[in-house]
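Peer 1: Got a structure here, written out as structure tokens. Questions coming.
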Amino acid sequence: MTVLDDLSTGRAENLAHLADVPSLRFVEGSDGDTDLVDRLVSESDVVMHLASAVGVQLIVSNPLESLLKNVRGTDTVMTATARRGRRLLYTSTSEVYGKNSTGALSEDSDRILGSPFKSRWSYAIAKGFGESMASGQHRTLGARNITVRLFNTVGPRQTGMYGMVLPRFVRQALADEPLTVYGNGTQTRCFAHVHDTVAGILALLGNDEAIGHVFNVGDTEEIPIIELARRVIERSGSSSKVELVPYAEAYDDGFEELGRRKPDTSALQELTGWAPTRTVDDAIDDVILHERSREGAAVGT
Ligand SMILES: NC(=O)c1ccc[n+]([C@@H]2O[C@H](COP(=O)([O-])OP(=O)(O)OC[C@H]3O[C@@H](n4cnc5c(N)ncnc54)[C@H](O)[C@@H]3O)[C@@H](O)[C@H]2O)c1
């Protein structure tokens with residue numbers, strides 16, 4: 001297996017525990033590098049396109065760079081996989097549904113995007129481009145493309161630096177600092193443990209009937225963000241308090257919040273039999289364990 005990553009937001013240390021796996025090769029480089037991508041695709045049987053500028057904070061503060069990087073990388077990867085006839089799994093996002101907060105969103109639910117002048121939506125625009133390219137290639141070229149729309153996925157090794165909420169809360173709790181909840185905290189999200197997300201992705205990747213289709217992958221249990229913060233405090237034994245921060249202070253201009261985002265995962269379940277095996281509390285515990293071990297390693301060095 002070859003991993004291509006430019007380490008712009010990822011960390012090489014995330015692969016340290018796999019250092020002894022002889023079949024794993026790490027290549028540092030960009031998914032927009034046409035020659036490199038084409039060569040790596042030619043050497044592979046299947047391709048998972050995960051690379052992306054991610055994180056609301058990063059997207060809102062660097063909208064143009066994020067947009068162009070995501071579009072160019074996706075174009076480069078999909079052009080190579082279609083040309084080489086390789087099966088491709090493309091990771092899109094629940095962000096493509098935009099402000100649609102009507103309940104459990106199914107794959108054919110409407111997209112309700114805010115103004116393109118609001119930088120938050122540049123990520124959804126880039127991911128929507130990828131989805132259209134994947135389905136267009138399938139229809140016109142017979143490309144074996146599968147698209148997954150990931151809803152919030154959390155777990156060990158995720159960074160809180162670019163807007164991901166759970167690792168940020170855990171670090172704040174372990175430092176006994178206030179857990180900063182943006183807005184009034186009543187906005188809800190559904191958090192899937194990374195183990196369940198990976199199981200869903202792999203089940204689809206190996207299923208011929210998934211080709212040419214789009215699937216939501218995520219947990220369906222909704223939790224208000226303020227409740228997530230309280231659970232992190234409780235489960236880590238922290239003395240932290242919750243602090244509400246207005247959106248205008250938390251983000252640059254160009255941010256819009258959404259009340260709720262919940263997936264309908266029946267298409268994935270019916271095709272593969274997938275079901276989540278871990279709860280949000282399991283994810284919180286695993287992130288706490290991981291962050292404590294990082295702190296311990298840092299103290300020991
Ligand atoms: N984690 C989630 O909740 C979530 C939700 C929706 C969609 N997704 C999608 O899933 C995929 C994986 O996300 P993740 O949460 O593992 O994020 P991540 O930040 O851990 O992984 C993305 C990786 O892409 C790399 N990268 C960025 N630009 C690159 C480029 N031009 N060339 C090569 N590498 C590049 C980064 O260094 C990083 O390691 C992304 O496509 C993301 O849009 C994730």
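None of the figures in this text is laboratory data; all of them are computed from the coordinates on show. Note that the structure is predicted; figures quoted are calculated from it, not measured. Counting neighbours? That spans all protein chains shown, and the Cβs are built from the backbone with ideal geometry, glycine included.
Peer 1: How many lysine pairs in the chain, separated by 8 or more positions in sequence or lying on different chains, have Cα atoms less than 17 Å apart?
Peer 2: Taking the chain as the scope, the lysine pair count is 5.
Peer 1: Once you charge only the Cβ atoms, +1 for Lys and Arg and -1 for Asp and Glu, what is the size of the charge dipole of the chain about its Cα centre, to the nearest 20 debye?
Peer 2: Rounded to the nearest 20 debye, it is 320 debye.
Peer 1: Now for a different question. Charges on Cβ only, +1 for Lys and Arg, -1 for Asp and Glu, centred on the Cα centroid of segment 2-300; of 288, 2, 245, which one is farthest towards the dipole's positive end?
Peer 2: 2
Peer 1: Can you sort 26, 151 so the residue with the fewest Cβ neighbours within 10 Å comes first?
Peer 2: Numbers: 26 14, 151 23.
With the fewest neighbours first, 26, 151 line up as 26, 151.
Peer 1: Using alpha-carbon positions, what is the distance between the centroids of segment 190-230 and segment 36-74, in Å?
Peer 2: 20 Å
Peer 1: Right, another one. Sorted by mean Cβ packing within 10 Å, highest first, what order do the peptides 274-286, 160-172 take?
Peer 2: Going by the mean number of other Cβ atoms within 10 Å, highest first, we get 160-172, 274-286.
Peer 1: Looking at the chain, I'd like the Rg to Rh ratio, where Rg is from alpha-carbon atoms and Rh is Kirkwood's inverse mean 1/r.
Peer 2: Taking Rg over the Kirkwood Rh, I get 0.95.
Peer 1: Then there's this: Can you tell me what share of the DSSP beta bridges in the chain is antiparallel? A percent to the nearest 5 is fine. Before the final figure, lay out the partial values.
Peer 2: Working: 3 of 30 bridges.
Of all bridge pairs located within the chain, approximately 10 percent are antiparallel.
Peer 1: Additional query: As I understand it, the dipole of the chain uses +1 on the Cβ of Lys and Arg and -1 on the Cβ of Asp and Glu, about the Cα centre. Which of 42, 259, 205 lies farthest toward its positive end?
Peer 2: 42
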